[in-house]
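Student: Quick one: the structure is below, and I'll ask about it shortly.
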Amino acid sequence: MESLGISYRAIGPELVLAVTGVLVMLLEAFSPGRKRRDGILAAAGTVLAGGMALALWDEGPLLAFSRMIIVDGFRVFFTVVILLGTLLTIFISWTFLDEERIPPGEYFALLLFGAVGMTLLVASNDLVMVFLALETITIATYVLAGYRREDLRSMESALKYFILGAFSSAFLVYGIALVYGATRTTNLAEMARLVSGSLGRAEVVLLMAGVAMLLVGFGFKVATVPFHVWTPDVYEGAPTPVTAFLSTAPKAAGFAAFLRVFSLTFAPLGIGSVADQLASHWVAVVTAMSILSMTFGNFIAIAQTNIKRMLAYSSIAHAGYVLIGVLARDWAAVAFYLLVYTIMNLGCFAIVALWARRGDERVAIADYAGLGFRQPMLSFPLAIFLVSLAGFPGTAGFIAKFWLFKSAWGAGFPELVLIGVLNTVVSVYYYLYVVIVMFFREPKEEVARVPLSRAFVATLVVAVAGVFYLGLLPTRVFAILNAAQHLLAVGMR
Amino acid sequence: MGEHLLSWLTFAPTVGALLLLAARLLLAATEETIRRLALAVSLVPLGLCGPMLVTFDPATSGPQMVERIPWIRFFGFNVDYFVGVDGVSLWLVVLSALLVPVSIVISWRAIERHVLEFHIFLLLLETGVIGVFVALDMFLFFIFWEVMLVPMYFLIGIWGYERRIYAAVKFIIYTMVGSALMLAAIISLYYLNGGVTFDIPAIAGNVRAGRLVLDPRTERWLFWGFALAFLIKVPLFPFHTWLPDAHVEAPTAGSVILAGILLKMGGYGLLRFNLPLFPRATEEFAGLLGALAVISIIYGALVSLVQPDLKKLIAYSSVSHMGFVVLGIVARTEMGMQGAIFQMLSHGIATSALFMIAGILSERRHTRLIAEFGGLARPMPVFSALFGILALASAALPTLSGFVGEFLVLVGTYTSGLAPGRVYTVLAATAMILSAAYMLWTLERVLFGAITREENRHLPDVNARERLALVPMAVLVIVMGVLPNPILRRTDSAVLELQRAAPRTILVHWTPPAPRARERLALPGAEVLERR
């Protein structure tokens, strides 16, 4: 069941990603500018890593590397979600790299290094590991956000992301230190065992302070109110494919860690235990964060005129919905939501990125006027993704939201469900506003159609098919998640 | 095909929509071909209504022609694809299948832009509305209920008149507020029933048998969670403000579907959910809803009286006529509910046809103002005859369909145990006078008198295509007015069943269960299981 030793299989996906990243960089150094070769290599590495992750399915649950790495069903599921996000990002960057004349090698390598951090974060069973993984992610993404060097907004985006990211990392690491002080361990499984009993009074106070710091740190990473202020600026300034990446894969990874630390380690189990005491506090705080994120994100999104900013606020709102699942402690619902969100949000951003053209020329919502019937290959998929984000039945967005709300109701949070469903009504307004502009308004001047590459069309087809498949026939994915639940590491329960 | 009749009925339009798309993409079909193909496709569900009516057994009260396939399982979802028809839904399905081909015919020349998309949306809408009427699983019902909004939104927003965007957004936001709360109510009801099924007849059966007893507070909340969605849809005063905008700005086909089918989903929902699932709350709030219904009836009629815009007039008259539907439902007598269902059908045909009449006038003159017309009986005799019949049917002239529905509702309300039932009857009856007043006055201003505008002197009469759409409607209102029994006979046993399930006077005294400490953070599914 458990092994304390070194097992390269346990970090197989991460190794493949890292080696591919290094390879892409080396190739770029010797024969630069071959986008096709670098891209295909990166995509192949991602797919291979996905295969390695799936191969771990039957291995778990087990622990490796001095119990710092965990292999269980949820790690595998989340890893696949992250790699799916990475793969789709590689495809949607295709046209963008040509237009912006960006050297492709480093770009793909950074995406891969970011993915290494994310998959490691999902596999972490130790707070030190969590921190290490988070830093790996952020270093790669800082650079990606500032990738359009000559563009001022991109620089601003990178700098903001860096400063606030560093700030939140400080909170996180301080929180880890305090928690370590209280429990004398950074290992999550060990910690879960300790807090299910009782601790001295001083330790409890220390632990509370540490957990509060951790909450701030995670709150920053997954962009929830009131730790969200960096999001709109960073999402707006970063190159659009990078924004697509930032809003999906790292978020999935962040929430996976959030779940492991809060819903499992500090789970409110055992009446009178330290964990129970802790939970009564963090549950209240996270409830507030969830309500604020949903409401604030949705209402501010209404006022946006730039589609990237609008989607940034929408992603804050979605983080609020996901927190409902964290509170309901329903892993499977959160995992499913993040899978769905990754597909539909990447789909949206893929079209936004293509339509924006060089230097983000067309990112105002008003620029979408007349897109509707002029380029139906773009407008109809975008409408489908937006409708799915709004949670209309028949699309994956509905099943995902329904599941979260259902779990929350069952777990005793009816007020969150009510606030959640009313928030979806608010969100309908701004998602459909884009549809209105696309289909119901005529453009001021004739708009040029954009050429579609084959990789792009393939991405759209996959994403649209995914939205409908998960929206109409989710049973198979449910079955997988159900199996994953049984593969949850014993030490973690 | 036999045992999948309802599925064919529901999804034939979707298949048709895909066919249209294929015809355009693969065969480069012209717009005329698209129209013909769409009409042919829309006749399939109408044709399937024949076998459905033949198979339907009037003596059975429960759902018939049932199909049930497990759909989504795991994590306590237990959603079935579960469809069937009973007396309440049977005729509404027929109505839906009838109005779509009629809409296609009437839009033949009116829709010039994006013809393919128009017909695709119309057909998808048909799947949505038929699905709402046949779904017997709450989850499935909700999916159809919401899916239908998207095509309607596009129909208003793309092919509507000047203020179409405002109207489309208002329509969707109003409806979404209602359905969001209904979703919460569905989830809650699911857990209260033990978290095992979304099956509506099964839950209703549990309520009837006393296996599922809700404490009064919960029952009230759930009642309103469902009722609000339905009352917005009906629409009942004071939730009606979206309707005039949506109707006036929608293209003719949109108005036809909106008035003919979408409003009925509200009345249907009350009969399907509120009455059988929350009998005590229904009893408690019947007086209030009755009062709102009476206000709608009178208010709608009064506003119609002063409308200068023909389409708006018909829209407000809908508020008035749909008030009768709610009044009949909350009366919960056999006659009241029979009347409500009949009134839904009658209104669905007469008012839709009146919207077509208004559409024909506005196509010819590009105005909907009543003052712009006058003396049309001379240049347009056939049109005038049809307008006359349909307007009088709407105004509930005896021997026409409107009379049967409203009369049954009034008698049903009078004999009900509803506290001020007789007062309601008297007040609602006065509105019948008002409705005669505004309809006759409108007829007079549009059709009779001297021709005041030169442009009206040579308006072409209805052509063959317009007759094809309007004449069947005029015939139907007469037939339904003279021979209502074939319809009423098929709705009767379902209505009697509803009456038994939701009796007017419930004198069962039961002590509410003691409030239990709510367990926060319990595992999913562990919420209150209040079964007796």
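The values are calculated or read from the model by the stated rules, or taken from the named source; none is laboratory data. Keep in mind it's a predicted model, so treat the numbers as computed, not measured. Positions of Cβ are generated from backbone atoms using ideal geometry, with glycine treated the same way; all protein chains shown enter the neighbour counts.
Student: So A:Phe91 ticks every box in (1) touching a helix residue (DSSP H, G or I) at 6+ places or on another chain (Cβ under 6 Å); (2) closer than 16 Å to A:Gly21 by Cβ but one. Which box is left unticked?
Tutor: Just one mismatch for A:Phe91, condition (2).
Student: Kindly establish whether A:Ala411 is facing chain B (nearest Cβ under 7 Å) and in contact (Cβ under 8 Å) with a residue 40 or more places away in the chain. Reasoning before the result, please.
Tutor: Working: facing chain B (nearest Cβ under 7 Å): yes; in contact (Cβ under 8 Å) with a residue 40 or more places away in the chain: yes.
Yes, satisfied.
Student: Given the options A:Arg75, A:Arg67, name the one that is over 19 Å from A:Phe245 (Cα atoms) and surrounded by fewer than 22 Cβ atoms within 10 Å (Cβ to Cβ). Steps first, answer last, please.
Tutor: Details: A:Arg75 fails: surrounded by fewer than 22 Cβ atoms within 10 Å (Cβ to Cβ).
A:Arg67 is the lone residue from the list that is over 19 Å from A:Phe245 (Cα atoms) and surrounded by fewer than 22 Cβ atoms within 10 Å (Cβ to Cβ).
Student: Any residue in the range B:169-196 that is within 9 Å of another protein chain (Cβ to nearest Cβ) sitting within a Cβ distance under 6 Å of a residue that is modelled with pLDDT under 85? List the pairs, counting only those 6 or more apart or interchain.
Tutor: B:Tyr191/B:Glu527; B:Gly195/B:Gly76; B:Gly195/B:Gly525
Student: Another question about this same structure. Within the bounds of the range B:92-101, is there any residue that is within 9 Å of chain A (Cβ to nearest Cβ), surrounded by 24 or more Cβ atoms within 10 Å (Cβ to Cβ) and either closer than 29 Å to B:Arg490 by Cβ or free of Cβ contacts under 8 Å to residues at least 12 places away in the same chain (or both)? Steps first, answer last, please.
Tutor: If we filter the range B:92-101 for residues that are within 9 Å of chain A (Cβ to nearest Cβ), which is where we start, we get none.
No, because not a single residue in the range B:92-101 is within 9 Å of chain A (Cβ to nearest Cβ), surrounded by 24 or more Cβ atoms within 10 Å (Cβ to Cβ) and either closer than 29 Å to B:Arg490 by Cβ or free of Cβ contacts under 8 Å to residues at least 12 places away in the same chain (or both).
Student: Within the range A:380-402, work out how many residues are modelled with pLDDT under 90 and away from chain B (no Cβ under 11 Å).
Tutor: So the count comes out to 0.
Student: Here is a list of conditions, (1) among the hydroxyl-bearing types (Ser, Thr, Tyr); (2) within 24 Å of A:Ala192 (Cβ to Cβ); (3) without any contact (Cβ under 8 Å) to a residue 60 or more places away in the chain, and A:Ser124 meets all of them except one; can you say which number that is?
Tutor: (3)
Student: Of a type in the set (Lys, Arg) and touching a residue at least 40 places away in the same chain (Cβ under 8 Å), is that true of B:Arg24?
Tutor: Working: of a type in the set (Lys, Arg): yes; touching a residue at least 40 places away in the same chain (Cβ under 8 Å): yes.
Considered against the rule, which asks whether it is of a type in the set (Lys, Arg) and touching a residue at least 40 places away in the same chain (Cβ under 8 Å), B:Arg24 comes out as yes.
Student: Kindly state which helices (runs of 4 or more DSSP H) lie completely within the range A:218-262 and contain at least 3 residues that are among the aliphatic types (A, V, I, L, M).
Tutor: Values: elements: A:230-237, A:240-246, A:249-258.
Counting at least 3 such residues, we get A:240-246, A:249-258.
Student: Based on this model, can you work out whether A:Ser280 counts as in contact (Cβ under 8 Å) with a residue 40 or more places away in the chain and assigned to a helix (DSSP H, G or I)?
Tutor: Working: in contact (Cβ under 8 Å) with a residue 40 or more places away in the chain: no; assigned to a helix (DSSP H, G or I): yes.
When the stated conditions are applied, A:Ser280 does not pass them.
Student: Within the range B:154-163, can you find the residues that are facing chain A (nearest Cβ under 7 Å) and either surrounded by fewer than 24 Cβ atoms within 10 Å (Cβ to Cβ) or not in a helix (DSSP H, G or I) (or both)?
Tutor: B:Ile158
Student: Name every residue in the range B:438-456 that is more than 21 Å from B:Ser318 (Cβ to Cβ) and of a type in the set (Phe, Trp, Tyr), in order of residue number.
Tutor: Residue satisfying the conditions is B:Phe448 alone.
Student: Turning to a different aspect of this structure: May I ask you to say which residue of A:Val195, A:Val173, A:Val205, A:Val216 is surrounded by fewer than 16 Cβ atoms within 10 Å (Cβ to Cβ) and among the hydrophobic types (A, V, I, L, M, F, W, C)?
Tutor: Values: A:Val195 fails: surrounded by fewer than 16 Cβ atoms within 10 Å (Cβ to Cβ); A:Val173 fails: surrounded by fewer than 16 Cβ atoms within 10 Å (Cβ to Cβ); A:Val216 fails: surrounded by fewer than 16 Cβ atoms within 10 Å (Cβ to Cβ).
Only one candidate qualifies: A:Val205.
Student: Go through the range A:362-379 and report how many residues are assigned to a helix (DSSP H, G or I), within 13 Å of chain B (Cβ to nearest Cβ) and surrounded by fewer than 22 Cβ atoms within 10 Å (Cβ to Cβ).
Tutor: In the first step, residues of the range A:362-379 are kept if they are assigned to a helix (DSSP H, G or I); the result is A:365-368, A:371-374, A:376-379.
Adding the requirement that they be within 13 Å of chain B (Cβ to nearest Cβ) leaves A:372-374, A:376-377, A:379.
If we keep only those that are surrounded by fewer than 22 Cβ atoms within 10 Å (Cβ to Cβ) too, we end up with A:373-374, A:376-377, A:379.
Here the count works out to 5.
Student: Among the listed residues B:Leu43, B:Leu37, B:Leu18, identify the single one that is within 14 Å of chain A (Cβ to nearest Cβ), closer than 26 Å to B:His4 by Cα and outside any strand (DSSP E or B). It would help to see each step written out before you state the result.
Tutor: Numbers: B:Leu43 fails: within 14 Å of chain A (Cβ to nearest Cβ); B:Leu37 fails: within 14 Å of chain A (Cβ to nearest Cβ).
Criteria check complete, one pass: B:Leu18.
Student: Take the range A:1-48 and flag every residue that is among the polar types (S, T, N, Q) and over 14 Å from A:Ala109 (Cα atoms).
Tutor: Step one: list which residues in the range A:1-48 are among the polar types (S, T, N, Q), which gives A:3, A:7, A:20, A:31, A:46.
Matches in the range A:1-48: A:Ser3, A:Ser7, A:Ser31.
Student: Taking only the range B:59-75 into account, find how many residues are buried (at least 16 other Cβ atoms within 10 Å of the Cβ) and either within 20 Å of B:Val495 (Cβ to Cβ) or within 14 Å of another protein chain (Cβ to nearest Cβ) (or both).
Tutor: So the count comes out to 9.
Student: Restricting to the range B:203-226, and then to whatever is closer than 23 Å to B:Glu146 by Cα and away from every other protein chain (no Cβ under 14 Å), can you tell me which residue is nearest to the chain's Cα centre (by Cα)?
Tutor: First, the residues of the range B:203-226 that are closer than 23 Å to B:Glu146 by Cα: B:203-204, B:221-226.
So of that shortlist, the ones also away from every other protein chain (no Cβ under 14 Å) come out as B:203-204, B:223.
Numbers: B:Ile203: 24, B:Ala204: 22, B:Phe223: 20 Å.
Residue satisfying both the conditions and the ranking: B:Phe223.
Student: Evaluate the range A:172-194: report whether one residue or more is in contact with a Phe, Trp or Tyr (Cβ under 7 Å, 6 or more places away or on another chain) and farther than 21 Å from A:Ile69 by Cα. Please lay out each step first, then the result.
Tutor: Pass one, the range A:172-194, residues in contact with a Phe, Trp or Tyr (Cβ under 7 Å, 6 or more places away or on another chain): A:172-173, A:176, A:186.
Next cut, farther than 21 Å from A:Ile69 by Cα only: none.
Taking every residue of the range A:172-194 in turn, none turns out to be in contact with a Phe, Trp or Tyr (Cβ under 7 Å, 6 or more places away or on another chain) and farther than 21 Å from A:Ile69 by Cα.
Student: Sort out which residues of the range B:122-153 are outside any helix (DSSP H, G or I) and not charged (D, E, K, R), and write them in order of number. Walk me through how you get there before you give the answer.
Tutor: First, pick out the residues of the range B:122-153 that are outside any helix (DSSP H, G or I): B:135-137, B:148.
The answer is B:Ala135, B:Leu136, B:Met148.
Student: Look at B:Ala229 and say whether it is closer than 20 Å to B:Val147 by Cα and among the small types (Gly, Ala, Ser).
Tutor: Details: closer than 20 Å to B:Val147 by Cα: yes; among the small types (Gly, Ala, Ser): yes.
So B:Ala229 passes the test.
Student: So which residues in the range B:104-139 are more than 18 Å from the chain's Cα centre (by Cα), more than 23 Å from A:Gly372 (Cα to Cα) and within 11 Å of another protein chain (Cβ to nearest Cβ)?
Tutor: Within the range B:104-139, B:Phe139 is the sole residue that qualifies.
Student: Can you find, within the range A:20-50, the residue that is nearest to the chain's Cα centre (by Cα) among those that are without any contact (Cβ under 8 Å) to a residue 24 or more places away in the chain and surrounded by 15 or more Cβ atoms within 10 Å (Cβ to Cβ)? Spell out the reasoning first.
Tutor: Residues of the range A:20-50 that are without any contact (Cβ under 8 Å) to a residue 24 or more places away in the chain, as a first pass: A:23, A:26, A:30-31, A:36-37, A:40.
Now drop any that are not surrounded by 15 or more Cβ atoms within 10 Å (Cβ to Cβ), which leaves A:23, A:37.
Numbers: A:Leu23: 26, A:Arg37: 27 Å.
Top of the filtered list is A:Leu23.
Student: Does A:Val195 satisfy being modelled with pLDDT under 85, hydrophobic (A, V, I, L, M, F, W, C), more than 22 Å from the chain's Cα centre (by Cα) and at negative phi? Break it down into steps so the answer makes sense when it comes.
Tutor: Details: modelled with pLDDT under 85: yes; hydrophobic (A, V, I, L, M, F, W, C): yes; more than 22 Å from the chain's Cα centre (by Cα): yes; at negative phi: yes.
Yes, satisfied.
Quick grid of which residues meet (1) more than 22 Å from A:Glu236 (Cα to Cα); (2) at pLDDT below 90:
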residue: A:Leu127; (1), (2): yes, no
residue: A:Val130; (1), (2): yes, no
residue: A:Ala140; (1), (2): no, no
residue: A:Gly146; (1), (2): no, yes
residue: A:Arg149; (1), (2): no, yes
residue: A:Ala166; (1), (2): no, yes
residue: A:Ala170; (1), (2): yes, no
residue: A:Val173; (1), (2): yes, no
residue: A:Ile176; (1), (2): yes, no
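Student: I've got another one for you. Name every residue in the range A:291-329 that is in contact with a Leu (Cβ under 8 Å, 6 or more places away or on another chain), within 14 Å of another protein chain (Cβ to nearest Cβ) and in a helix (DSSP H, G or I), in order of residue number.
Tutor: Residues satisfying the conditions are A:Tyr321, A:Ile324, A:Gly325, A:Val326, A:Leu327.
Student: Still on this model: Looking at B:Thr399, B:Thr367 in this structure, which one is in a loop (DSSP other than H, G, I, E, B) and without any contact (Cβ under 8 Å) to a residue 12 or more places away in the chain? So that I can check it myself, show each step before the final result.
Tutor: Values: B:Thr399 fails: without any contact (Cβ under 8 Å) to a residue 12 or more places away in the chain.
One residue alone meets the criteria, B:Thr367.
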